[in-house]
1. Residues to consider are A87, A60; find the one that is out of contact with any His (no Cβ under 8 Å at 6 or more places or on another chain), surrounded by 23 or more Cβ atoms within 10 Å (Cβ to Cβ) and more than 17 Å from A22 (Cβ to Cβ).
2. Take the residues of the stretch 95-111 that are open to solvent by 30 Å² or more (accessible area, probe 1.4 Å) and touching a residue at least 12 places away in the same chain (Cβ under 8 Å): which is farthest from the ligand (Cβ to nearest atom)?
3. Where the second residue is open to solvent by 60 Å² or more (accessible area, probe 1.4 Å) and among the aromatic types (F, W, Y) and the first is farther than 11 Å from I110 by Cα and in contact (Cβ under 8 Å) with a residue 12 or more places away in the chain and lies in the stretch 32-50, which pairs have Cβ atoms under 6 Å and are six or more apart or on separate chains?
4. Quick check on D50: is it closer than 27 Å to R122 by Cβ and surrounded by fewer than 23 Cβ atoms within 10 Å (Cβ to Cβ)?
5. Please work out if D50 is charged (D, E, K, R), modelled with pLDDT of 95 or more and closer than 22 Å to E90 by Cα.
6. Tell me whether the stretch 26-41 contains one or more residues that are more than 16 Å from the ligand (Cβ to nearest atom) and surrounded by fewer than 20 Cβ atoms within 10 Å (Cβ to Cβ).
Amino acid sequence: MYSEKVMEHFANPRNVGEIVNADGIGEVGNAKCGDIMKMYIKVENGIITDVRFKTFGCGAAIATSSMATELVMGKTIDEALKLTNKAVVEALEGLPGEKLHCSVLAEQAIKAAISDYYERAR
Ligand code: FES
């Protein structure tokens, strides 16, 4: 049902935790399954120098959070804003259809953290 990559990121998630003094924090949830994702970013000169997540959710939510952090780490804010759930799913070598919403949550959490960063920078 799950690709090896999903299982690997679920068993061994990257960038778990939180960032004290984060420059942006995004929290999103899915009302249907009740899962919650929280992302923290640190930004220097427009580049995401650190990103961490805390996810209270299913295995796919943990794997997609982990992959999303890997995909935006070291990227510019503009590049990170282009992250799509499709890119996360591709990097994980696929997800079952009923788990696609978990990847949507990961995309939304990154975008929420960036939007919080913009709010604070105002
Ligand atoms: Fe809802 Fe995975 S089942 S985020």
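1. Values: A87 fails: surrounded by 23 or more Cβ atoms within 10 Å (Cβ to Cβ).
Of the residues listed, the single one that is out of contact with any His (no Cβ under 8 Å at 6 or more places or on another chain), surrounded by 23 or more Cβ atoms within 10 Å (Cβ to Cβ) and more than 17 Å from A22 (Cβ to Cβ) is A60.
2. K111
3. Close Cβ pairs (under 6 Å, with a partner that is open to solvent by 60 Å² or more (accessible area, probe 1.4 Å) and among the aromatic types (F, W, Y)) amount to I36/F56.
4. Answer is yes for this residue.
5. Values: charged (D, E, K, R): yes; modelled with pLDDT of 95 or more: yes; closer than 22 Å to E90 by Cα: no.
In short, no.
6. Of all residues in the stretch 26-41, those more than 16 Å from the ligand (Cβ to nearest atom) come to 40-41.
Retained after the next criterion (residues that are surrounded by fewer than 20 Cβ atoms within 10 Å (Cβ to Cβ)): none.
Looking through the stretch 26-41, none of the residues is more than 16 Å from the ligand (Cβ to nearest atom) and surrounded by fewer than 20 Cβ atoms within 10 Å (Cβ to Cβ).
The values are calculated or read from the model by the stated rules, or taken from the named source; none is laboratory data. Just so we're clear, the structure is a prediction, and the values are computed from it rather than from any experiment. All Cβ positions, even for glycine, are placed from backbone atoms using ideal geometry, and neighbour counts span all protein chains on display. The protein model used for the area step is the full one, side chains on, heavy atoms only, and it has no ligands, DNA or RNA in it. Shrake-Rupley method; radii C 1.70, N 1.55, O 1.52, S 1.80 Å.
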